[in-house]
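Undergrad: Starting off with a structure, shown below.
Derivation of every value follows stated rules applied to the coordinates shown; laboratory data play no part. Every value quoted in this text rests on a predicted model; they were computed, and no experiment measured them. Here Cβ is always computed from backbone atoms with ideal geometry, including for glycine, and neighbour counts include all displayed protein chains.
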Amino acid sequence: MPKKKTSKRQWRDGVSATPAKTARAAKRPSENRPAARRAVETDRREFPRGENEQKAFGRGERRRHSDGTQQPESDGRRPTARNQAAARSGTGGRASEKRLPESRKPSENLSGSRPPKQRASKAKKLVVRNPNRKIMERARELKERRGDLARIEPERLQKVLAASGVGSRREMEEWIAAGLVQVNGRPAQLGDKVSPDDQVTVKGSIIRLKWADRLPRIILYYKQEGEIVSRDDPQGRVSIFDRLPQAASSRWVAVGRLDINTCGLLILTTSGELVQRFAHPSFEVEREYAVRVLGEMTTEQMRQLTEEGVMLEDGIAKVERIFEQGGEGANKWYSVVIKEGRNREVRRIFEHFGLTVSRLVRTGFGPIGLPNRLKRGRFYELNPAEVANIVKWADMGLPGEKRRRK
């Protein structure tokens, strides 16, 4: 009888294709089986599969490993090869937990203090420092004291209205004299003082009064030709206020004005007192302009402007400084600095000498200059540190700080 061919599976299991002579011999395990096969069977005995696994683990029994540790009750799911490897390594089923070598284990803390934490990454933590911390702390303190109305001293009406963003102090004085302002239902008078308990009405509208307990907002706007510095215009021309952000519970007040044909720096703020400090002639704040004219001024004319001045319709006009800045062809550029803000004053000065101004740009106002990166029709809002510097320059005092009397 020819021998049957041994299959690959039979060769792997070490079983010959020749039928066994007796049933007892067939049940006897082969001594020629590979060691790997015996190891697999050992694992199967420790972690039964199929019906044996369901019977053993379904009754809630606990099996013990060869090292004497107990295996937790199974939920009936087949253990994976990863769990088997974890069980053999003695990690108790936590195969994902990494073991540190003895040299890397943290040393015991003999002093009893907390062990140092391991760094998660080498990235350095960014520390942001607030340059305006002192001002913000003072504003926070005043905000807490705001509820105590007895601590707030009465102030002049026009000053409070200007600080509330209604308008400049000069405008408020004119409105008070015209009878447009009422305090507690009665017409106000110049010199009246108000407290937080008073109700102030301007042109029939109740005003929410603000006190000097916070920094004002300041915006630098690059005005273009063709724009007007007014909210109401019967002709419907473009207004700069259409391009500005909203001022919460207040409004923007322009520091001075620029005519429709003049471009350049325009300062706007929510503080009427700051507007007064910039624009009032008594403070003599310098305004700097870049002027392009058709023609050229002589040295004698420039000397006359700085020393004697020229007579205009509304009085004598002088300039603090004037320099020639070059030009091309018949057009010449000049840098002019004045301390007044009369209507079309710079244009009228050059027209007095028979020169036509073809372009006029305001490049500076007091301590503020026109930013180089600011484009036409755009605005830039000063940060708290910059606003604090402007407030100090204006000698207004920081929020909660008493002014020094000169």
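Undergrad: Kindly state, as a whole number, the per residue volume in cubic angstrom of the convex hull around the alpha carbon atoms of the range 153-207.
TA: Measuring per residue, one finds 66 Å³ for the Cα hull of the range 153-207.
Undergrad: Holding the Cα-Cα limit at 31 Å, pick out from Lys223/Lys339; Lys339/Lys375; Lys203/Lys339; Lys193/Lys392 the pairs that are longer than that. Numbers along the way, then the final one.
TA: Numbers: Lys223/Lys339 20 Å; Lys339/Lys375 26 Å; Lys203/Lys339 33 Å; Lys193/Lys392 25 Å.
Among Lys223/Lys339; Lys339/Lys375; Lys203/Lys339; Lys193/Lys392, the Cα-Cα distance tops 31 Å for Lys203/Lys339.
Undergrad: With an 8 Å Cα cut-off and a minimum separation of 6 or more residues, compute the relative contact order for the range 153-207 in percent.
TA: 36 percent
Undergrad: Kirkwood Rh, Cα Rg: Rg to Rh for the range 218-394? Mind showing how you got there, number by number?
TA: On the way: Rg = 16.8 Å, Rh = 17.3 Å.
Checking Rg against Rh, the ratio lands at 0.97.
Undergrad: Something else about it: Please state the relative contact order of the range 216-318 as a whole percent: Cα pairs under 8 Å, 6+ residues apart? Can you show the working numbers first?
TA: Details: 116 pairs, mean separation 25.3, N = 103.
Relative contact order for the range 216-318 comes out at 25 percent.
Undergrad: Can you sort Met297, Met311 so the residue with the fewest Cβ neighbours within 10 Å comes first?
TA: Met311, Met297
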